[in-house]
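Everything below concerns the one structure shown next.
The values are calculated or read from the model by the stated rules, or taken from the named source; none is laboratory data. Here the structure is a predicted model, which means the values were calculated and not measured. Cβ placement follows ideal geometry from the backbone for every residue including glycine, while neighbour counts extend to all protein chains displayed. Ligands, DNA and RNA are excluded from the accessible area calculation, which covers all protein heavy atoms including side chains. Shrake-Rupley method; radii C 1.70, N 1.55, O 1.52, S 1.80 Å.
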Amino acid sequence: MAGSSLLALIDDIATLLDDIAAMSKVAAKKTAGVLGDDLALNAQQVSGVNADRELPVVWAVAKGSLRNKLILVPAALAISALLPQAVTPLLMVGGVFLCFEGFEKLAHKYLHSPAEDAARHAVEREALANPAIDVVALEKEKIEGAIRTDFILSAEIIVITLGTVSDQPFLQQLTVLAVIALVMTIGVYGLVAGIVKLDDGGLLLSRQPSPLAQKMGRAILRAAPWLMKTLSVAGTAAMFLVGGGILVHGLHPLAETLHHISVASGLQGVAEGLLDAVLNGVTGIVAGALVLGVITLFNRLRGK
């Protein structure tokens, strides 16, 4: 009897771990939109720091991100236990914010001229080169700003994850949230550390005596800016897809309408999945445009 009880316990633990792994995988997919934006944004936040201080700054922001999640995970569990009906509205708010943030990026790109952005970067470079500027204070300011930004992005990740496991027992909710929080933090800031040191690695290789190493170094130096641009574009697109998908699933009339459109198209399999993704993305773009329009109008009225 003792042996059979032990086997039953091991089987229960294995089943629980399988469930946790499956739910963590689903949650990771749903938070992919935030992950892409998180990568690009944090890499940009660290830019401008002296090369020998880049990794310490990334490490400081990563520790701040862990502290953020130590606050957010218990808060999410408390909401799920005490006020479970608030999970869906919070998820919708997170979806709307993703759509707004994505559309604001597009609006900034087309409403601000390249000359304005170049002038802003020139001012930043001049400030960094000025010996009168307190570099330590500037670095601390960058770290604090990055941690504040991370809090918003981490909140989105935790809320989306909570929506995935809100109907599960407390232990599974806790484990999945902890796994996602830890994996996302390690993954994001590990990649950020690699991205910000790409140019240094490329420069080091380009100075080696080997012609092959030199070619690789020059290729890395050429690819680094394009990698940042690709991350930014992919992150923005994923924000519309994820945010729009959250809104579609939370608004049943909208979900039914888009489902009828998908069925009427006659598409099946992968094509049908692509159409659903496009519809979610369009929903995200429209929602982001509406929110940005309302906020812009409010700010102008307040200014007057």
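Measure up LYS105/LYS197; LYS63/LYS105; LYS197/LYS229; LYS63/LYS140; LYS63/LYS142 against 19 Å on the Cα-Cα distance and list the ones that go over. Walk me through the intermediate numbers first.
Details: LYS105/LYS197 25 Å; LYS63/LYS105 27 Å; LYS197/LYS229 16 Å; LYS63/LYS140 14 Å; LYS63/LYS142 14 Å.
Result: LYS105/LYS197; LYS63/LYS105 exceed 19 Å.
Please list 292-303, 201-212 highest first by mean number of surrounding beta-carbon atoms within 10 Å per residue.
Values: 292-303: 10.4, 201-212: 12.6.
Top to bottom by mean Cβ count within 10 Å: 201-212, 292-303.
In Å², and per residue, what accessible area does the range 213-304 have when probed at 1.4 Å with the other protein chains present?
Values: 5860 Å² over 92 residues.
On a per-residue basis, the range 213-304 sits at 64 Å².
Could you order peptides 92-105, 256-269, 228-241 by the average number of other Cβ atoms within 10 Å of their residues, highest first?
Working: 92-105: 22.4, 256-269: 11.7, 228-241: 19.3.
Output ranking for 92-105, 256-269, 228-241: 92-105, 228-241, 256-269.
Got a number for carbon plus sulfur as a percent of the range 216-304's accessible area, 1.4 Å probe?
Details: 4120 of 5660 Å².
The computed percentage sits at 73.
So if each residue of separation counts as 0.36 nm, and I subtract the Cα-Cα distance between LEU171 and LYS197, what length gain in nm does that give? Don't jump to the answer; show the numbers that get you there.
Values: separation 26, 0.36 × 26 = 9.36 nm, distance 3.89 nm.
Length gained, LEU171 through LYS197: 5.5 nm.
What is the ratio of the Cα radius of gyration of the range 206-304 to 2.2 N^0.38 Å, where N is its residue count, to two decimals?
Working: Rg = 21.6 Å, N = 99, 2.2 N^0.38 = 12.6 Å.
Dividing the Cα Rg of the range 206-304 by 2.2 N^0.38 Å gives 1.71.
Whole-Hz ³J(HN,Hα) for each residue in the range 212-228, computed from phi via Karplus 6.51 cos²θ - 1.76 cosθ + 1.60 with θ = phi - 60°, x for glycine and proline: what do you get?
Coupling constants for the range 212-228: 5, 5, 5, 5, 4, x, 5, 5, 5, 5, 6, 7, 4, x, 5, 4, 4 Hz.
FRET efficiency for GLN208 and VAL233, Cβ-Cβ distance as r, R0 = 41 Å, nearest 0.05?
Values: r = 32 Å, r/R0 = 0.79.
Once the sixth-power term is evaluated, E becomes 0.80.
What are the ³J(HN,Hα) couplings of the range 263-279, residue after residue, when phi is run through the Karplus curve with 6.51, -1.76, 1.60 and θ = phi - 60°? Round to Hz, x for glycine and proline.
5, 5, 5, x, 7, 9, x, 5, 4, 5, x, 5, 4, 4, 5, 5, 5
Which ³J(HN,Hα) values in Hz, rounded to whole numbers, follow from the phi angles of the range 249-258 under the Karplus curve 6.51 cos²θ - 1.76 cosθ + 1.60, where θ = phi - 60° and Gly and Pro get x?
Result, rounded to whole Hz: 5, x, 10, 4, x, 5, 4, 5, 4, 5.
Using the basic label-point model (7 angstrom from Cα toward the beta carbon), what is the LEU82 to ARG218 distance in nanometres?
It is 6.3 nm.
Work out the FRET efficiency for THR257 and LEU55 from their Cβ-Cβ distance, taking R0 = 51 Å, and round it to the nearest 0.05.
Once rounded, the FRET efficiency stands at 0.55.
When the gyration tensor of the range 171-254 is built from Cα positions, what are the square roots of 5 times its three eigenvalues, in whole Å, from largest to smallest? List each step's numbers first, then the result.
Working: eigenvalues 301, 72, 10 Å².
Equivalent ellipsoid of the range 171-254: 39, 19, 7 Å, largest first.
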